[in-house]
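This report concerns only the one structure given below.
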Amino acid sequence: MSFQKDLVAQFHKPDGGMGQLAGWIMAHRRSNRRRNERTLELLDLQQHERVLEIGYGPGVAIRLASQLVTQGKVFGLDHSPTMFDQAQRRNAKPIAAGRVKLLIGDILDPPIELPHFDKIFSVNVVQFWSAPEETFAALQSVLKLGGHIATTFVPRVGAEKPGQARAHARRIGRILNALGFEHEVHWLSVGKNPTVCVLGRH
């Protein structure tokens, strides 16, 4: 496997030295930061809310969310111990203050009994879910009535990226509709690749 292919593969579950590099790229790429910012803007986080990020990576969005949720709590769930370490360091102060809690694991088999959340979001991880219908159902089970889920996706590989983004948006919309959500699709002007955020209301 070439260096580039090996690095791209790390974005699924970063591990070891290459995983550390993947995390550094995620944390420092300007378009990635803007993607997280725009997702949180669409969610309109309030200071008292309880929020969950699925796939927090190096913890950039966790830190941004903790600056908005000053009287509530931000949880993060990611399956990579390498990303847990990076996110812990990046969010040391809000963690110490009790405003952020990071977990290692999967929403289909969470490491603790999760509370109910006002808002749940993920940024560019939905394409890695092997069972998206089950994953969204699990997220629904920990979402308060009237709560929101934001799912942001940007295609990175392959041809016809706008078509990939549209197909993902349609698939996510169908899943949300089947679970009883109302949803709307937002196209985000971030970076050179098309970015779509599907916002669902429970």
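Taking segment 145-168 as the range and being at pLDDT below 95 and either within 16 Å of Ser122 (Cα to Cα) or under 17 Å from the mean Cα position of the chain (by Cα) (or both) as the test, the residues that pass are Phe153, Val154, Pro155, Arg156, Ala165, His168.
Number of residues in segment 165-202 that are open to solvent by less than 50 Å² (accessible area, probe 1.4 Å) and of a type in the set (Ser, Thr, Tyr): the value is 1. Of everything in segment 137-163 that is open to solvent by 40 Å² or more (accessible area, probe 1.4 Å) and without any contact (Cβ under 8 Å) to a residue 12 or more places away in the chain, the residue that is nearest to Asp118 (Cα to Cα) is Ser141.
Filter segment 123-136 down to residues that are assigned to a loop (DSSP other than H, G, I, E, B) and either in contact with a helix residue (DSSP H, G or I) (Cβ under 8 Å, 6 or more places away or on another chain) or touching a residue at least 60 places away in the same chain (Cβ under 8 Å) (or both) and give me whichever is farthest from Ile112 (Cα to Cα). Within segment 123-136, the match that is farthest from Ile112 (Cα to Cα) is Asn124. Taking helices (runs of 4 or more DSSP H) as the structural unit, those lying wholly within segment 1-120 and holding at least 2 residues that are surrounded by 18 or more Cβ atoms within 10 Å (Cβ to Cβ), among the small types (Gly, Ala, Ser) and modelled with pLDDT of 95 or more correspond to 60-68.
The values are calculated or read from the model by the stated rules, or taken from the named source; none is laboratory data. Not measured: the values here are computed from a predicted model. A quick note on method: Cβ atoms are made from the backbone with ideal geometry, for glycine too, and the neighbour counts reach across all protein chains shown. Quick note on the areas: whole protein, heavy atoms, side chains included, nothing else; ligands and nucleic acids left out. Shrake-Rupley method; radii C 1.70, N 1.55, O 1.52, S 1.80 Å.
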